[in-house]
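Throughout, read-outs are computed from the coordinates displayed, never taken from laboratory work. This structure is a prediction, so every number in the text was calculated from the model and none was measured. Cβ placement follows ideal geometry from the backbone for every residue including glycine, while neighbour counts extend to all protein chains displayed.
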Amino acid sequence: MGKRVEKRRATLYEKMKKALHLILIQRRSIPGATGYELKKFIGRKYLYIIKLLNSELDSFGLMVKIVLPQDIKDPKNPSEDDYLRAHYYIVSKEPILGLNMKGNFNIEELACLSACIVQILARSNNANFNELKELLESKVGKIKASRYIEKFRKLGYLEINNEGIVKLGWRTMAEINIENLLKFLAIYKI
């Protein structure tokens, strides 16, 4: 019985290691891994392995964030197919405020991204592209506004469909705690 337990533990550890590699190592333009990839390389119990990995990452202040597709039928009770289409990322459990880190954005771009996110949230995740562009143009000018929106779209913070509707992108859902943001907006009446 002891050898079986040890062998099972070693197998789970190897699967957790494989899941960690899949999620951390960027193989294409979108970081993280999808449920399909995890199931293919880890097996059908990939959600259990992710749960175990999450408990291990907890001691480092990290967690696996699961970003479900926006078109699911029941957000409170996702189906197996929804988890297969979801993206899995590793993020910090708490905001990283004390570290002096250099990111992809300067302060002006960060302010524009924040304005875009708040505008989209105010429109129930269905903002009009032209209205959003006008908002940014009034702050930073026409050329910068177009460039910033395109940059945010390419990086995955915004999604723009053919009808000119702008929604929050996968990266916004992964990196920003929308619930906390909405609470802060309500508290400070921004």
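Observations
- q = 0.13 Å⁻¹: log10 I(q)/I(0) that the Debye formula gives for the range 107-188, counting C-alpha atoms only: -0.36
- Sequence-distant residues sharing a close amide H with ALA127 (under 5 Å, placed H): VAL166
- Computed from the C-beta positions of ARG85 and LEU182 and an R0 of 22 Å, the FRET efficiency is 0.30 to the nearest 0.05.
- Projecting label points 7 angstrom from Cα along Cα→Cβ for LYS139 and TYR13 puts them 4.9 nm apart.
- Dividing the summed helix terms, -39500 (n - 2.57) for each DSSP H run of n ≥ 4, by the number of residues in the chain produces a 222 nm estimate of -18000 deg cm²/dmol to the nearest 500.
- The stretch between LYS45 and VAL5 holds 12.6 nm of extra length on full extension. This uses 0.36 nm per residue minus the Cα-Cα distance.
- Amide hydrogen proximity for LEU158: with H placed 1.01 Å from N in the peptide plane, the residues at 5 or more positions away or on another chain lying under 5 Å are ARG153, GLY169.
- Placing R0 at 22 angstrom, the Cβ-Cβ distance between ARG123 and ASP74 gives a FRET efficiency of 0.45 after rounding to 0.05.
- Pairs of Cα atoms nearer than 8 Å and 6+ residues apart set the relative contact order; for the range 107-188 it is 26 percent.
- Furthest towards positive pole of dipole, ILE42, VAL64, TRP170, structure part the chain, Cβ charges: ILE42
- For the range 2-92, the spread of Cα coordinates along the three principal axes comes to 46, 24, 24 Å, biggest extent given first.
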